[in-house]
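Quick notes on the structure that follows.
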């Protein structure tokens, strides 16, 4: 299950729930290992999203510098933010 950018916040919330459960609840070893694996997989997917978006922002920044232009931020109907030259 790959997480998409629009689900990033939900992924963070889920990861926080997993961490809290591991820290506070009295879990069996089996359940703890299961949650740990789920949390590590989720963490990896969230990091991949950030790295991908960081690369996109770097390309935007380079393009803006090359063209000596500034980006205009626009909010789309679905609440997403779009950057345009």
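The values are calculated or read from the model by the stated rules, or taken from the named source; none is laboratory data. Quick caveat: nothing in here was measured; it's all calculated off a predicted structure. Because the Cβ atoms are built from the backbone with ideal geometry, glycine has one as well, and the counts that use them run over all protein chains shown.
With the structure loaded, tell me whether residue 53 is touching a helix residue (DSSP H, G or I) at 6+ places or on another chain (Cβ under 7 Å), modelled with pLDDT of 65 or more, exposed (fewer than 13 other Cβ atoms within 10 Å of the Cβ) and part of a helix (DSSP H, G or I) or whether it fails that test. Taking the combined requirement at face value, the residue satisfies it.
Okay, residues lined up against (1) at pLDDT below 95; (2) outside any helix (DSSP H, G or I):
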{"site": "16", "(1), (2)": "no, no"}
{"site": "36", "(1), (2)": "no, no"}
{"site": "46", "(1), (2)": "yes, no"}
{"site": "70", "(1), (2)": "yes, yes"}
